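Novice: So that we are looking at the same thing, I have put the structure below in structure tokens.
The values are calculated or read from the model by the stated rules, or taken from the named source; none is laboratory data. As the structure is a prediction and not an experimental result, all values here were calculated from the model. With ideal geometry, Cβ positions are generated from the backbone for all residues, glycine too; neighbour counts draw on all protein chains shown.
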Amino acid sequence: MDGKPVTYASIDAYILEFPPEVQEILQTLRTAIQKAAPEAKEKISYQMPTFELSGNLVHFAAYKNHIGFYPGAGGIEAFKQELSVYKGAKGSVQFPLGKPLPYELISRIVAFRVAQNMEKAVRKKKDAESGKKG
């Protein structure tokens with residue numbers, strides 16, 4: 001091993017690094033996010049598949065025993081009751097491999113994050129405009 005971190009050129013390249021059964025889960029997760037945020041752009045950030053729309057929306061990543069989903073602290077807080085059955089932290093949740101992912105819940109979290117980011121973008125624009133006038 002040369003010690004260099006692995007870098008991915010695209011989400012497709014990231015997904016191809018995993019066994020077929022994990023690729024299928026990652027692709028289904030990607031599709032669920034795309035449907036919930038059709039305007040979002042894909043990129044790799046922090047070496048993870050990322051969707052952005054007026055800032056980062058969500059990240060996801062595959063690990064040995066789980067799929068990590070990162071909707072940020074706001075996304076976790078808003079759905080903490082439903083996410084309480086999963087291991088997680090302030091801005092992340094772990095969905096165990098071997099159990100079905102809650103795609104409907106993930107879609108609702110993504111839609112919530114889209115609304116959060118759009119509200120933030122509108123506030124930022126208003127603040128910038130009021131700053132120019134003042």
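Okay, residues lined up against (1) crowded, with 17+ Cβ neighbours inside 10 Å; (2) at pLDDT 95 or above; (3) charged (D, E, K, R):
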| residue | (1), (2), (3) |
| --- | --- |
| 76 | yes, yes, no |
| 82 | no, yes, yes |
| 112 | yes, yes, no |
| 121 | no, no, no |
| 127 | no, no, yes |
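Novice: Hey, another quick one. Are there any pairs, at least 6 apart or on different chains, whose C-beta atoms fall under 7 Å, with the first in region 28-50 and polar (S, T, N, Q) and the second assigned to a strand (DSSP E or B), and if so, which?
Specialist: Here the result reads 45/56; 45/59; 50/43; 50/44; 50/56; 50/59, each pair linking region 28-50 to a residue that is assigned to a strand (DSSP E or B).
Each row is one residue, and each column tells you yes or no for (1) assigned to a strand (DSSP E or B); (2) without any contact (Cβ under 8 Å) to a residue 60 or more places away in the chain.
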site: 76; (1), (2): no, yes
site: 82; (1), (2): no, yes
site: 94; (1), (2): yes, yes
site: 113; (1), (2): no, no
site: 117; (1), (2): no, no
site: 126; (1), (2): no, yes
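Novice: Need the failing condition index for residue 47 against (1) surrounded by 14 or more Cβ atoms within 10 Å (Cβ to Cβ); (2) at positive phi; (3) not basic (Lys, Arg), just the number.
Specialist: Status for residue 47: all satisfied but (1).
Novice: Does residue 106 satisfy the condition of being part of a helix (DSSP H, G or I), touching a Ser or Thr at 6+ places or on another chain (Cβ under 9 Å) and among the hydrophobic types (A, V, I, L, M, F, W, C)? Don't jump to the end; show me each part of the working.
Specialist: Values: part of a helix (DSSP H, G or I): yes; touching a Ser or Thr at 6+ places or on another chain (Cβ under 9 Å): no; among the hydrophobic types (A, V, I, L, M, F, W, C): yes.
Judged against the criteria, residue 106 is not a match.
Novice: Could you tell me how many of the residues in region 64-74 are assigned to a helix (DSSP H, G or I) and buried (at least 19 other Cβ atoms within 10 Å of the Cβ)?
Specialist: Residues of region 64-74 that are assigned to a helix (DSSP H, G or I), as a first pass: 72-74.
Now restrict to residues that are buried (at least 19 other Cβ atoms within 10 Å of the Cβ): 72.
Number satisfying all stated conditions: 1.
Novice: Out of curiosity, is residue 89 among the aliphatic types (A, V, I, L, M) and either modelled with pLDDT under 95 or over 12 Å from the mean Cα position of the chain (by Cα) (or both)? Let's see the steps before the verdict.
Specialist: Numbers: among the aliphatic types (A, V, I, L, M): yes; either modelled with pLDDT under 95 or over 12 Å from the mean Cα position of the chain (by Cα) (or both): yes.
Criteria met by residue 89.
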